[in-house]
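Student: First the structure, then my questions, so here it is.
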Amino acid sequence: MIELKGVHFAYNERPVLRDVSFRVEESESVVILGPSGSGKSTILRLILGLECPQQGEVIVDQRDICHLPIKTKREIRKKIGMVFQDGALFDSLNVAENVGYYLLEHTNLALDEIDRRVREILGFTGLNPDEIMDVLPEELSGGMQRRVAIARTLLSTDPQIMLFDEPTTGLDPQATSKVLWLIQKLQAERSISSIVVTHQIADAVTLSRRFIVIVQGEVAFDGSLRELRDCTDVRVQDFLGPFKESFDEVVRQEFMRY
Amino acid sequence: MIGAQFGRPVYFREFQEQLYLVGVGSLYLIILAGAFAGQGFAIAFSQELSDFGAKNYLGRILAIAIFRELGPVLTGLMVAARVSAGITAEIGAMKTSNQINAMIAFGIDPVRKITVPRLWALLIMVPSLTIICDAVAILGGWLIAEVVANVPSSLYWTNVRDRLVFGNLFMGLIKPIAFAMIIAFVSCYKGFASSGGTKGVGRATTESVVLSSILILIANFMLTKIVGNLIRGWT
């Protein structure tokens, strides 16, 4: 369970989040939407304890992550998988070393066993281990980098929930669909819930039934797709305005599906 | 940063990599710098000493200057220029591209992971490189003594050997250890503290080299003064 209670956060006295409150239950998946610079990614950094709010609480696993000893914080982080924007792969290591990074450095597993697990998890993400194990991240396409990053997170942590920061930004439609397929697969096959930050409406609808819209650091909307469609808040309408046609089309398809 | 130096996990693979990068990577620079600095000192000293008819003491003067001052400072400054820039740029780039945050997200302590192998590699390699620099500089001085100043080889080496005493050797080894710590802490700190994207990393890299170099020169003066008083009886 993750809960933000009355969170205020500022970078160098520039307000980023104002009185943000919401709760994500276990096994629930949520998409956080909003325009660029609205503070969406900051929410993920707060959940992971990389930043602490000036006011309010960030409750993760029933404890305020900002007021925990570093050792407990690390234990909690092991239950959260974070996939950063652009993957944040270690650029001097090849794919196998990236994915097996934690196992290589922090466990006593034999190299054969690490190799087996790396191959297995790369296969799970839809990548061909034989083709990419020895390749450096810079030689991979954007979509492959994101999937390698997801594989690395899965082997480095034991996530009950995964945080995705703009997982499809800058990807072509084919790569986008592969990343979305993988996130859905994690939800379906491993029961890993997710908080996905994005400004792509179509991706949001594919990944979750609950949507939080952040505009200028405030929660402008929190609810279902139907409620989002009918929302009269000016800030939400302004955000959805440019995507109005595609949003209506996506909503129509979603309602036809269910 | 200091607390992170002890305990587990031990990053042995990264430590080996850093040993190679700092030691082998700086070797050619240290050999070249030591050789030319030793020869330059020898020429300057031999001209000055010959005015007083004391040219035969060239080996003695050179040994003291090189073991106590030139070797450690030259090595410290060379390694600071080459290695601290690299460390700061590497850490800064990792920070900019969220690689440091990724480590934190996996429950890894990035300060331990990054600083420990670099500090210990520097603590081993800077004194080792200093010994090499000393040796090359003394050899360079011998070349000048033999070819230019016409000081007999046997006299030169006897004078050098006479100055290989505990006090000079202690001073010559305590300094590189202090310089290694300065380089490691300054370069890692500047890398972790860098901000403002690639421009910020560039700025941090420059600051790292400048600060390391200045601190090395200040530390050299202080160690010469403080340790010099302590070892006066052994020189």
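Student: Could you list all residues from segment B:46-70 that are more than 14 Å from B:LEU164 (Cα to Cα) and buried (at least 20 other Cβ atoms within 10 Å of the Cβ)?
Tutor: Listed by number, the residues that qualify are B:SER46, B:LEU58, B:LEU70.
Student: Is it the case that segment A:137-152 has a residue that's away from chain B (no Cβ under 14 Å), surrounded by fewer than 18 Cβ atoms within 10 Å (Cβ to Cβ) and out of contact with any helix residue (DSSP H, G or I) (no Cβ under 7 Å at 6 or more places or on another chain)?
Tutor: Yes: segment A:137-152 contains one or more residues that are away from chain B (no Cβ under 14 Å), surrounded by fewer than 18 Cβ atoms within 10 Å (Cβ to Cβ) and out of contact with any helix residue (DSSP H, G or I) (no Cβ under 7 Å at 6 or more places or on another chain).
Student: Test B:ALA37 against the criterion of being among the small types (Gly, Ala, Ser), surrounded by 18 or more Cβ atoms within 10 Å (Cβ to Cβ) and under 25 Å from the mean Cα position of the chain (by Cα), and give yes or no.
Tutor: Here the answer is yes, as B:ALA37 does meet what is asked.
Student: Need the failing condition index for B:PHE15 against (1) within 14 Å of chain A (Cβ to nearest Cβ); (2) out of contact with any helix residue (DSSP H, G or I) (no Cβ under 6 Å at 6 or more places or on another chain); (3) not small (Gly, Ala, Ser), just the number.
Tutor: B:PHE15 satisfies every listed condition except (2).
Student: Shifting gears a bit: Tell me the residue from A:ASN94, A:ASN128, A:ASN108 that is within 19 Å of B:MET94 (Cα to Cα) and out of contact with any strand residue (DSSP E or B) (no Cβ under 8 Å at 6 or more places or on another chain), please. Don't jump to the end; show me each part of the working.
Tutor: Details: A:ASN128 fails: within 19 Å of B:MET94 (Cα to Cα); A:ASN108 fails: within 19 Å of B:MET94 (Cα to Cα).
On inspection, the qualifying residue turns out to be A:ASN94.
Student: While we're here: Given segment A:150-234, what strands (runs of 3 or more DSSP E) lie entirely inside it while holding 3 or more residues that are under 28 Å from B:MET103 (Cβ atoms)?
Tutor: Hits in segment A:150-234: A:161-165, A:193-198.
Student: Also, quick follow-up: Do we have any residue at all in segment A:112-134 that's within 12 Å of another protein chain (Cβ to nearest Cβ), part of a helix (DSSP H, G or I) and either surrounded by 16 or more Cβ atoms within 10 Å (Cβ to Cβ) or free of Cβ contacts under 8 Å to residues at least 40 places away in the same chain (or both)?
Tutor: Kept after step one, since they are within 12 Å of another protein chain (Cβ to nearest Cβ), are these residues of segment A:112-134: none.
No, that holds for no residue.
Student: For the structure I just gave you, tell me whether A:GLY49 is in contact with a Cys (Cβ under 9 Å, 6 or more places away or on another chain) and at the interface with chain B (Cβ under 9 Å from one of its Cβ atoms).
Tutor: yes
Student: Here's something else I'd like to know. Hey, B:VAL22 hits all of (1) touching a Leu at 6+ places or on another chain (Cβ under 9 Å); (2) modelled with pLDDT under 90 but one; which does it fall short on?
Tutor: Exception for B:VAL22: condition (2).
Student: Residues that are within 23 Å of B:GLN99 (Cα to Cα): find the strands (runs of 3 or more DSSP E) completely inside segment A:25-92 holding 2 or more of those.
Tutor: Numbers: elements: A:30-33, A:55-60, A:80-83.
Filter on segment A:25-92 gives A:80-83.
Student: Further, regarding this structure: May I ask you to list the residues in segment B:94-128 that are among the small types (Gly, Ala, Ser), assigned to a helix (DSSP H, G or I) and within 11 Å of chain A (Cβ to nearest Cβ)?
Tutor: The answer is B:ALA102, B:ALA105.
Student: Follow-up question, since we're still on this one. Are any residues in segment A:90-102 more than 8 Å from chain B (Cβ to nearest Cβ) and either free of Cβ contacts under 8 Å to residues at least 12 places away in the same chain or of a type outside the set (Val, Ile, Thr) (or both), and if so, which ones?
Tutor: Answer for segment A:90-102, where residues must be more than 8 Å from chain B (Cβ to nearest Cβ) and either free of Cβ contacts under 8 Å to residues at least 12 places away in the same chain or of a type outside the set (Val, Ile, Thr) (or both): A:SER92, A:LEU93, A:ASN94, A:ALA96, A:GLU97, A:ASN98, A:GLY100.
Student: Do we find that A:GLU138 is in a helix (DSSP H, G or I) and either of a type in the set (S, T, N, Q) or modelled with pLDDT of 90 or more (or both) in this structure? Don't jump to the end; show me each part of the working.
Tutor: Values: in a helix (DSSP H, G or I): yes; either of a type in the set (S, T, N, Q) or modelled with pLDDT of 90 or more (or both): yes.
For A:GLU138, the condition - in a helix (DSSP H, G or I) and either of a type in the set (S, T, N, Q) or modelled with pLDDT of 90 or more (or both) - is met.
The values are calculated or read from the model by the stated rules, or taken from the named source; none is laboratory data. All values reported here derive from a predicted model rather than from experimental measurement. Reconstructed Cβ throughout: ideal geometry from the backbone, glycine too, with neighbour counts over all protein chains shown.
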